[in-house]
1. Kindly indicate whether D116 is out of contact with any helix residue (DSSP H, G or I) (no Cβ under 9 Å at 6 or more places or on another chain) and of a type in the set (D, E).
2. When segment 147-178 is examined, which residues are found to be closer than 16 Å to T193 by Cα and among the basic types (K, R)?
3. In segment 118-193, which strands (runs of 3 or more DSSP E) lie fully inside it and hold 1 or more residues that are under 21 Å from G96 (Cα atoms)?
4. So which residues in segment 152-168 are of a type outside the set (S, T, N, Q) and within 17 Å of the chain's Cα centre (by Cα), if there are any at all?
5. Would you confirm whether or not segment 30-42 contains a residue that is assigned to a loop (DSSP other than H, G, I, E, B), β-branched (V, I, T), surrounded by fewer than 21 Cβ atoms within 10 Å (Cβ to Cβ) and over 16 Å from the mean Cα position of the chain (by Cα)?
6. Here is a list of conditions, (1) under 14 Å from the mean Cα position of the chain (by Cα); (2) touching a residue at least 40 places away in the same chain (Cβ under 8 Å); (3) open to solvent by less than 60 Å² (accessible area, probe 1.4 Å), and V97 meets all of them except one; can you say which number that is?
7. Mind listing whichever residues of segment 141-155 are open to solvent by 10 Å² or more (accessible area, probe 1.4 Å) and modelled with pLDDT under 95?
8. Name every residue in segment 48-83 that is hydrophobic (A, V, I, L, M, F, W, C), open to solvent by 50 Å² or more (accessible area, probe 1.4 Å) and assigned to a helix (DSSP H, G or I), in order of residue number.
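The values are calculated or read from the model by the stated rules, or taken from the named source; none is laboratory data. Quick caveat, the model's predicted, so the values are computed rather than measured. Cβ placement follows ideal geometry from the backbone for every residue including glycine, while neighbour counts extend to all protein chains displayed. These area figures cover heavy atoms from the full protein model, side chains too; ligands, DNA and RNA do not enter into them. Shrake-Rupley method; radii C 1.70, N 1.55, O 1.52, S 1.80 Å.
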Amino acid sequence: MRQKDFANALSKTKVIMAVRNMDALDRALLSPGKILFVVSGTIASIDLGIEKAKRAGKFLFLHLDMIEGMALTGVAIDYLKAKYAGDFGIITTKNGVVKQCYDEGIPVVKRVFALDSLSVDTIMEQREIIRRADAVEIMPGYVPDVVRRFKKAFPNKPVISGGLLEEKREVLELFEAGSSAISTTCEELWEMT
């Protein structure tokens, strides 16, 4: 997957299927969405997950911060790039990982947490990191006012709202606020794609 391929898929995707285990991954592969976020797992499950997603024509992003056995270092990203060349993207909270992915052409989603006013202000100050990310995922997901503020500051940057989303009404309000997509483990929402 190349960065332009991700941008194209994201422009056509409203709901990103987030999965925590292989059973959920198998169900997500049958869903109409094109983008998958693997938000937990082990290093042993990465091979199978990437291969299954590739065969199904899905874009798979690994949340490396949450993959057990995968130390979040430059070496880990180099290993994944060498082994899976173009078949994955990265989700991370780490600024250094965003920079490395940007430099190496690996699609990257910067995950940020809008927990209070100070954290939102800090997000808004990270202009260089946000510029390098292919998209920004704001958590928890149901913060339409934060999405509006972010889109005002970064009008061309795709926003993904993720976490704690379970109702269609919430999703529709986030789209109205400016979210490009939502990510959710709530399988009832996967069909909104």
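1. Details: out of contact with any helix residue (DSSP H, G or I) (no Cβ under 9 Å at 6 or more places or on another chain): yes; of a type in the set (D, E): yes.
For D116, the condition - out of contact with any helix residue (DSSP H, G or I) (no Cβ under 9 Å at 6 or more places or on another chain) and of a type in the set (D, E) - is met.
2. K168, R169
3. Details: elements: 135-139, 159-162, 181-184.
Filter on segment 118-193 gives 135-139, 159-162.
4. K157, P158, V159, I160, G162, G163, L164, L165
5. At the first step, the residues of segment 30-42 found to be assigned to a loop (DSSP other than H, G, I, E, B) are 30-34, 39-40.
Applying the additional criterion that residues be β-branched (V, I, T) yields 39.
Now drop any that are not surrounded by fewer than 21 Cβ atoms within 10 Å (Cβ to Cβ), which leaves none.
So far as segment 30-42 goes, no, none of its residues is assigned to a loop (DSSP other than H, G, I, E, B), β-branched (V, I, T), surrounded by fewer than 21 Cβ atoms within 10 Å (Cβ to Cβ) and over 16 Å from the mean Cα position of the chain (by Cα).
6. The single condition V97 does not satisfy is (2).
7. Filtering segment 141-155 down to residues open to solvent by 10 Å² or more (accessible area, probe 1.4 Å) leaves 142-146, 148-149, 151-155.
Correct list: Y142 only.
8. L48, M66, V75, A82
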